[in-house]
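Below: the structure, in structure tokens.
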Amino acid sequence: MIKFKTNFNLTFLFSTILLIFYSCSINNEKISLHKVEGSPAYDNSSIAIKDISNVGDNFIFSFDINNYELGTQTKKNFDYNLANSDLGQHIHFIVNNGPYSAHYVDNFETKLTDDNNVILAFLSRSYHESVKNPNAYILTQIGDTNNIDLENEFIFYSRPKGTYKGSDTEKLLLDFYLVNTDLSPEGNKVKISIKQSDKTHDFLVDEWTPFYIKGLDKGEVSITLELLDNDGELIETPFNPSSRTVVLE
């Protein structure tokens, strides 16, 4: 059972009671969240830093990747479509929780301009679902200040991202990455707020799993992720909350 403080926002409490989960989907009027089930687990896949070098603002990252093949299409056991990269499996590379860049080789060059850069890189399936085993990501910090404690609990935004067209608008992958924390009915949770046409639909999830969003209209969609403790309070950690706006055409 989820316990709430007596001064907890009544609207959030009411929506939480209504959003009892987990069958295969969480419904909120016409918009719903459904678990993505049927992806290969890649439990033994790993990524590690081989080398980081730089000349000025340009950094060259080199990774050791095991039991995971970049550039191939991910085989899956579900019959619906999610937006997919024709270039195959890749690395999601995130700087300070900004939008990720996708990399299909194990070494690449990028530019870093901030005084301090928190770098998250993780293995991604061709349809952009993250690999969530303990060895499937790296978290590091580059810069002059290095003032963020990497032992914090983190949530990083991954998907959805950008502009979706045609059949890709029917189901949008919603995926995020957790570091130094997990979700459970008796522990931390993630509040997902999906806003479209000035109406916000809130969902509360207690399991780290990928979802797809169904029932969105064409146009702009704003999505906010909040990592909460068991009392429903926002955890004070860098990059929490985080928001993105995507477009469905």
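For the range 111-249, the relative contact order comes to 23 percent (Cα pairs under 8 Å, sequence separation of at least 6). Averaging over all projection directions, the Cα-based convex hull of the range 45-122 occupies 6.0 nm² in the image plane. THR113 sits among other residues whose Cβ lies under 13 Å from its own Cβ, and their net charge, with Lys and Arg +1 and Asp and Glu -1, is -3.
Bear in mind that the values in this text are calculations on the coordinates, not laboratory data. This one's a predicted model, so the numbers in the text were calculated from it and none came from an experiment. Please note: Cβ atoms are built from the backbone with ideal geometry, for glycine as well, and neighbour counts cover all protein chains shown.
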